[in-house]
Every structure is written in C-alpha cells, then in structure tokens.
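K.L.:
First the structure, which I've put down as structure tokens, then a few questions once you've had a look.
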Amino acid sequence: IFKRLGQRSQTEFEVLVKVIQLYVDQKKYDQALVVLQGMLTGAPNSSDIHHITGIAFYSKKNYDSAVKHFIKVMPDSRFYQDAVVHAAYIYQEKGESEKAIDYLKKAIKDQPKNAEFNYYLGTFYEDLEDYENAEKFLKQAIDLESDNPRFYFRLGVVYDKWNKKDASMDTMRKVISLDPKHANALNYLGYTYADL
C-alpha cells in the first residue's frame, strides 16, 4: 500500500499533503516515518518524500538520519532551499562547519541566483570569524535581493564584529531606510550613538 502511495505521490501532490496533515502536523513522527519510508520503496528518488522524511527525523532530533534525506532533495524540487538550509545547519551543529560551507557552495552552483544560500553561507563564515568571506557572500545576497533588510542587518553585524564601526552604522542606516521599524537596527544605532 505504501509503495503504491509513493508512486501516486509523484503525480498527485495531494497524497503528500495528506501525510503531512495526518502525521507531521499532528507531531506523530513515528507513524509519519513508517508511512514515508514505505512510500520511498515506491518512489526512491522522490525529492518531496525525502524532504518530508528529513523533517520528521529532524523533529525527532535524529539529525544523522535527517541529513541523509535532506541531501537527496534535488535542485529542481520546490523543497530544495529548505532542505539545503536544514542540512547545512545540521552539519554546523555537529561541528562540521567546513562541510556545511562546502554543501552551501555546491547549492550556490546549482542555484546561483538564490540569495538565501549566499546569506546563510555568509552567516557560517561569520561564525568562523572569517569576516572577509562573510562580507563577500552577504554582499552577493544583497546583489541578488537589494531590498532585503535582513541581509543588510547581518552585514552590519559582521562589520561591527570586524571593528568597522562606520561601515556598520552606514549599513544599519540602510536597514532602517528599508524597514523604519526594524527594532534590532534601531537598537544597535541607539546604543552605538550612546557609546560615542
């Protein structure tokens, strides 16, 4: 039955929607995994099923199994971005930052116009205190999505950590010009002016 459901899910997305509604949304992850792994016998290369299986394992905090499914989600999938970000975070949490960075670089090659991948890559470099590469990839994200205040804010934080106060303040002003109620940017500028 599950094998046939897996085969049907390749042309009828509603099958997966029903599995999500009945099991994943209800936090019945063990039951979800029985159904999803059975469905994979009928559609072993289904990016959709691999993504949802990864989410179920991730929700159970079984990160090793989750990442095995996330990395099987292909670039043409509607879930590719989410799967890549989940996998990269799992690698980072396991202390495998270089693996996370390599995986995101591969994803950028697959989808060069994906601003989110550049953003996350920048944040991973920031965590490694490699501010030059953090700046590079955050700027690439901004080049792809020039009106996203989240990208500018992160760049401003990188400049602050890098002791480039003027660049940081200019970038925070840009955040506020895009989003006048951006609490974190307003807070940052307020404290910086107070310090000065």
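K.L.:
With the other protein chains left in place, how much accessible area per residue, in square angstrom, belongs to segment 9-128 at a 1.4 angstrom probe?
P.N.:
Ligands and nucleic acids excluded, the result is 50 Å² per residue.
K.L.:
Considering the values [x] 55, 37, 26; [y] 68, 32, 28; [z] 45, 35, 35, which represents Cα extents along the principal axes in Å as calculated for the structure under consideration?
P.N.:
[y]
K.L.:
When you count, for each residue, the other Cβ atoms within 10 Å and take the mean per peptide, how do 107-114, 122-129 rank with the highest first?
P.N.:
So the order, starting with the most tightly packed, is 122-129, 107-114.
K.L.:
Mean residue ellipticity at 222 nm from the helices of the chain, using -39,500 (n - 2.57) per DSSP H segment of n ≥ 4 over the full residue count, to the nearest 500 deg cm²/dmol?
P.N.:
-23000 deg cm²/dmol
K.L.:
Once the Cβ-Cβ distance between LYS165 and SER59 is put in as r, and R0 is 30 Å, what FRET efficiency do you end up with, to the nearest 0.05?
P.N.:
Computed FRET efficiency for LYS165 and SER59 comes out at 0.15.
K.L.:
Calculate the spin-label point distance for TYR191 paired with ARG8, positioning each point 7 Å from the Cα along the beta-carbon direction, and give it in nanometres.
P.N.:
Roughly 5.5 nm, to one decimal.
K.L.:
Name the lysines eligible as straight-distance cross-link partners of LYS94: C-alpha to C-alpha under 18 Å, and not fewer than 8 places from it in the same chain.
P.N.:
Counting by Cα, and skipping residues close in sequence, LYS94 has these lysines nearby: LYS60, LYS61, LYS68.
K.L.:
Let me ask you something else. Heavy atoms of the protein only, probe of 1.4 Å, neighbouring chains included. What is the accessible area of ARG154 in Å², nearest 10?
P.N.:
Rounded to the nearest 10, the figure is 60 Å².
K.L.:
Using only the alpha-carbon atoms, how far is helix 165-178 inclined from the longest principal axis of the chain? Give it as 0 to 90 degrees, nearest 10.
P.N.:
60 degrees
K.L.:
A further question follows. Measuring from label point to label point, each 7 Å out along Cα→Cβ, what is the LYS109 to MET74 span in nm?
P.N.:
That separation, rounded to one decimal, is 1.8 nm.
The values are calculated or read from the model by the stated rules, or taken from the named source; none is laboratory data. All values derive from a computational prediction rather than experimental measurement. Cβ coordinates were reconstructed from backbone atoms using ideal geometry, including for glycine residues, and neighbour counts include every protein chain displayed. Areas reflect the complete protein model, heavy atoms only, side chains present, ligands, DNA and RNA absent. Shrake-Rupley method; radii C 1.70, N 1.55, O 1.52, S 1.80 Å.
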